[in-house]
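The values are calculated or read from the model by the stated rules, or taken from the named source; none is laboratory data. On a predicted model such as this, the values are computed, not experimentally measured, just so you know. We place every Cβ from the backbone using ideal geometry, glycine too, and count neighbours over all the protein chains shown.
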Amino acid sequence: MPARSTVPAGDNGADAAALEALGHRLREMRRARGMTQASVAEVLNCDHSAVSRIESGTYPLTPQMFRAVERLLSFAAADGYETWFISYLEIERTATVLRTWEPLGVPGLLQTEAYARQVLKGANPGRGDADIEQRVAARLARQQIWERADPPPPMMPAIIGEAVLRRGLGGANVMREQLQRLAAVAESEPRVSVQVLPFSSPSCAGMLAPFVVASFAPDPRPDVAYLDNALDGATTERRDQVARLALLYDALAREALTPSDSAEKIKQVMQGWT
């Protein structure tokens, strides 16, 4: 895999020591989280044998791969992130556009603290309060992306099902606060648009599970899709799958209310949460 401009494995004592230390950290993280070398390879988008050599300090890393390993270790060190979610965090961090579909819940990047707490409690039955609070903190930390100056935050056109507005998650106070935030974002955040897919929509695409289609322009990297389910999530770079999800997103956008009508819908439902 490495070719031009690599960090040598053994030409320089300092370089060799740095690679050995990096490999040791990667191995310890992997074992602590119960990951296999194959699962780490999937996150890093490299071959299984490369992970073995990285861990032994004998793999000459490109600067790009070196940074990827460092970011993986940084994400893994943060409490509240599931191992399978690490690859999506990197996508979210580097994407320029995040086309998001959420049929049943507010997208994580737009959730209030109280709403996020209710979502994470429901998704993790049996977890203790400390564990839930770690997960809430991790989710809110992701929202710091909106405070980023360089590079600018991603564009996020989001479509949500009308059920998101009407499900009383956490009670009236939690829902009113959450919808206030959604309305504010829909009206004032230039990098985020919110569309509501109403119950009256005839589209069967609205019955599909959540997904995100991420773009990276002007980076030449192709679009990537992320799909969520009750247990974990998965990313795919297969062009046929990503293209199909992009078409589904476009179909949902055509059926959804316009952003301005969506903002009015959100405020109308919000008034009922008293």
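General remarks:
- Hey, Arg117 in contact with a Leu (Cβ under 9 Å, 6 or more places away or on another chain), crowded, with 16+ Cβ neighbours inside 10 Å and among the charged types (D, E, K, R) or not: no
- Looking across Ser74, Ser39, Ser56, one residue alone is of a type in the set (S, T, N, Q), surrounded by 14 or more Cβ atoms within 10 Å (Cβ to Cβ) and modelled with pLDDT under 85. It is Ser39.
- Residue in segment 187-194 that is among the β-branched types (Val, Ile, Thr) and in contact with a helix residue (DSSP H, G or I) (Cβ under 9 Å, 6 or more places away or on another chain) present: yes
- Sole residue being in contact with a Ser or Thr (Cβ under 8 Å, 6 or more places away or on another chain), buried (at least 21 other Cβ atoms within 10 Å of the Cβ) and closer than 29 Å to Pro198 by Cα, chosen from Ala172, Ala158: Ala158
- So Arg239, is it of a type in the set (Lys, Arg), surrounded by fewer than 16 Cβ atoms within 10 Å (Cβ to Cβ) and touching a residue at least 12 places away in the same chain (Cβ under 8 Å): yes
- The selection criterion, being buried (at least 16 other Cβ atoms within 10 Å of the Cβ) and in contact with a strand residue (DSSP E or B) (Cβ under 9 Å, 6 or more places away or on another chain), does not hold for Leu179.
- 3 or more residues under 19 Å from Gly105 (Cβ atoms): qualifying strands (runs of 3 or more DSSP E) within segment 178-274: 192-197, 211-215, 224-228
- Filter result (within 22 Å of Ser87 (Cα to Cα), modelled with pLDDT of 80 or more and either loosely packed, with under 12 Cβ neighbours inside 10 Å or among the charged types (D, E, K, R) (or both)) within segment 1-35: Arg25, Arg27
- Test: residue in segment 161-173 that is under 22 Å from Val224 (Cα atoms), in contact with a strand residue (DSSP E or B) (Cβ under 8 Å, 6 or more places away or on another chain) and not in a helix (DSSP H, G or I): no
- Answer residue from segment 127-155, given it is under 14 Å from the mean Cα position of the chain (by Cα) and of a type in the set (A, V, I, L, M) and is surrounded by the fewest Cβ atoms within 10 Å (Cβ to Cβ) among those: Ala141
- Elements of type helices (runs of 4 or more DSSP H) contained in segment 79-157, each with 3 or more residues being basic (Lys, Arg): 129-142
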